[in-house]
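To start, the structure itself, in structure tokens.
The values are calculated or read from the model by the stated rules, or taken from the named source; none is laboratory data. Not measured: the values here are computed from a predicted model. Cβ coordinates were reconstructed from backbone atoms using ideal geometry, including for glycine residues, and neighbour counts include every protein chain displayed.
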Amino acid sequence: MKVKVHVHAFEERNSLIVWLNGRPVLVAKEGDKFYGMDAVCAHMGCAILSEVNGTTAVCPAHGAKYDITNGKMIEKPMIKPEIQCEQEEIRLPLKTHSVKVGPDGLLDIE
Ligand code: FES
């Protein structure tokens, strides 16, 4: 699905959130590659992953870390116990999305 985000949006940032089929997706650029991953943290299911360092996304709530190349949690949250969220069940790994740049410079996310 083509989203109205131009590749130039990444000239001064390395990540942003787009909405794909009603769900937030974290899109990040590392080097010359783009990555996409569902942005809702699997811990409580209520925090949006928005900070990215290299290929690691960090949850702002309790610090869980995810590898954006495969959606796996690589560092667990810093609190216990796991608390159920009212939202739909979220499973690990988080769903990843392919991100390509179209000839018009717009991102194409699957
Ligand atoms: S909600 Fe993300 S680590 Fe707790």
Checklist line | Conditions (1) surrounded by 16 or more Cβ atoms within 10 Å (Cβ to Cβ); (2) more than 21 Å from residue 9 (Cβ to Cβ); (3) within 14 Å of the ligand (Cβ to nearest atom); number of the one not met by residue 37 | finding: (2)
Note to self: Scan region 45-56 and tell me whether some residue there is of a type in the set (A, V, I, L, M), within 11 Å of the ligand (Cβ to nearest atom), crowded, with 16+ Cβ neighbours inside 10 Å and modelled with pLDDT under 95.
What the structure shows: yes
Item checked: region 74-83, subset at pLDDT 85 or above and more than 9 Å from the ligand (Cβ to nearest atom), residue nearest to residue 37 (Cα to Cα) -> 74
